[in-house]
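Undergrad: Could you have a look at this structure, given as structure tokens, before my questions?
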Amino acid sequence: MTAHAPGSRHIAGEGTPDASWQAWGGLCDLPPVSSAALVPPGRRAVIVAPHPDDEVLACGGLLQLLAAQGSRTVLVAVTDGAASHPGSTAFTPEQLARLRPRETEAALDALGLGEGGGRPAPCMVRARLPDGAVGASIDQLQTLLQQMLRPGDVVFTTWRQDGHPDHEACGLAAAMAAGACRATLIEMPVWTWHWAAPGDARLPWSRARRLDLGGDVLRRKREAAGCFTSQLHGDPSTGQPAILPSHVLARLLHPYEIYFT
């Protein structure tokens with residue numbers, strides 16, 4: 001995750017406090033949905049994650065539930081997250097390109113989806129597109145997805161208006177590929193909770209569904225989020241704060257996940 005946003009969907013400062021979201025009854029009133037309703041039996045789930053950590057923060061609970069129900073899952077890592085610390089000598093792009101995929105592996109282990117976890121890990125596909133510039137490679141991403149997708153697949157990716165340019169480019173490429181392949185597209189808000197406000201008319205609330213997470217599922221998701229250590233602490237070489245400070249994580253580690261169906 002990297003905080004740059006287009007237009008009015010501006011990612012700056014601490015954003016909308018989580019307390020404001022929790023005080024608003026709209027999230028509790030969203031129609032509930034089950035993992036089996038999102039990915040019916042016999043269908044494959046394809047998760048398109050712009051950066052390492054998005055697959056856990058957006059749908060770390062769903063990944064566990066899909067494994068428990070026996071669904072086949074493919075994780076498309078669009079970038080290796082090498083641009084998260086510009087100008088850093090502590091985290092150079094070369095270091096991050098090696099470190100951040102390893103953080104994803106550790107996070108999947110924490111979810112119980114790695115080797116020895118008792119459940120099969122998602123099949124991993126690394127696109128290795130440039131972090132921060134996915135929009136310039138959107139045709140390449142769409143082509144890759146169309147080569148992978150099958151009719152009936154359920155494609156999960158970041159919302160096309162999430163506020164981060166890489167997130168929006170992934171959403172657009174996945175939408176075009178899903179349409180061409182007769183797959184189902186489901187979008188996930190991530191940075192949306194930062195710039196939007198409760199009841200914000202810019203969000204497609206009529207398409208929003210709430211996936212409730214049990215205690216063990218939420219605990220493993222929180223443990224998995226803690227594996228992205230490069231994002232959790234400030235950068236001593238530049239003085240920049242953590243990319244995933246506590247106020248950002250608070251909005252993403254609730255006992256539910258929100259999906260735009």
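Undergrad: Please go through segment 84-107 and give me each residue that is part of a loop (DSSP other than H, G, I, E, B) and under 17 Å from the mean Cα position of the chain (by Cα), ordered by number.
TA: Answer for segment 84-107, where residues must be part of a loop (DSSP other than H, G, I, E, B) and under 17 Å from the mean Cα position of the chain (by Cα): just SER84.
Undergrad: Go through ALA23, ALA36 for me and flag whichever is out of contact with any Pro (no Cβ under 7 Å at 6 or more places or on another chain), over 22 Å from ASP216 (Cα atoms) and of a type in the set (A, V, I, L, M).
TA: None of the others qualify; the one that does is ALA23.
Undergrad: While we're on this one: Taking the residues in segment 120-145 that are charged (D, E, K, R) and farther than 15 Å from LEU75 by Cα as candidates, determine which candidate is surrounded by the most Cβ atoms within 10 Å (Cβ to Cβ).
TA: Out of the qualifying residues, it is ASP131.
Undergrad: If you don't mind, another one. Confirm whether GLY163 is at positive phi, of a type outside the set (Lys, Arg), buried (at least 24 other Cβ atoms within 10 Å of the Cβ) and at pLDDT 95 or above.
TA: yes
Undergrad: Okay, next question. Which of the residues that make up segment 57-83 are more than 27 Å from TRP193 (Cα to Cα) and either among the basic types (Lys, Arg) or outside any helix (DSSP H, G or I) (or both)?
TA: Correct list: GLN69, GLY70, SER71, ARG72.
Undergrad: Condition first: touching a His at 6+ places or on another chain (Cβ under 8 Å) and either of a type in the set (Lys, Arg) or closer than 20 Å to ALA37 by Cβ (or both). Now tell me which residues in segment 158-169 satisfy that.
TA: Once the filter is applied, which keeps residues that are touching a His at 6+ places or on another chain (Cβ under 8 Å) and either of a type in the set (Lys, Arg) or closer than 20 Å to ALA37 by Cβ (or both), segment 158-169 yields only TRP159.
Undergrad: Considering (1) within 23 Å of PRO255 (Cα to Cα); (2) without any contact (Cβ under 8 Å) to a residue 60 or more places away in the chain; (3) not acidic (Asp, Glu), say which one VAL48 fails and leave the rest.
TA: Condition (2) is where VAL48 drops out.
Undergrad: (1) in a helix (DSSP H, G or I); (2) in contact with a Leu (Cβ under 9 Å, 6 or more places away or on another chain): which one isn't true of GLN161, the others all being true?
TA: (1)
Undergrad: Further, regarding this structure: Which residue, of LEU244, LEU249, LEU253, is outside any loop (DSSP other than H, G, I, E, B) and in contact (Cβ under 8 Å) with a residue 12 or more places away in the chain?
TA: LEU249
Undergrad: Which pairs have Cβ atoms under 7 Å, sit 6 or more apart or on different chains, and link a residue in segment 123-134 that is outside any loop (DSSP other than H, G, I, E, B) to one that is charged (D, E, K, R)?
TA: Here the result reads VAL134/ASP166, each pair linking segment 123-134 to a residue that is charged (D, E, K, R).
Undergrad: Looking at segment 145-183 only, could you name the residues that are over 20 Å from MET124 (Cβ atoms) and within 17 Å of the chain's Cα centre (by Cα)?
TA: TRP159, ARG160, GLN161, ASP162, GLY163, HIS164, PRO165, GLU168, ALA169, GLY171, LEU172, ALA175
Undergrad: Considering (1) crowded, with 22+ Cβ neighbours inside 10 Å; (2) more than 16 Å from the chain's Cα centre (by Cα); (3) of a type in the set (Ser, Thr, Tyr), say which one THR238 fails and leave the rest.
TA: (1)
The values are calculated or read from the model by the stated rules, or taken from the named source; none is laboratory data. Everything numeric in this text was worked out from a predicted model, so none of it was measured. A quick note on method: Cβ atoms are made from the backbone with ideal geometry, for glycine too, and the neighbour counts reach across all protein chains shown.
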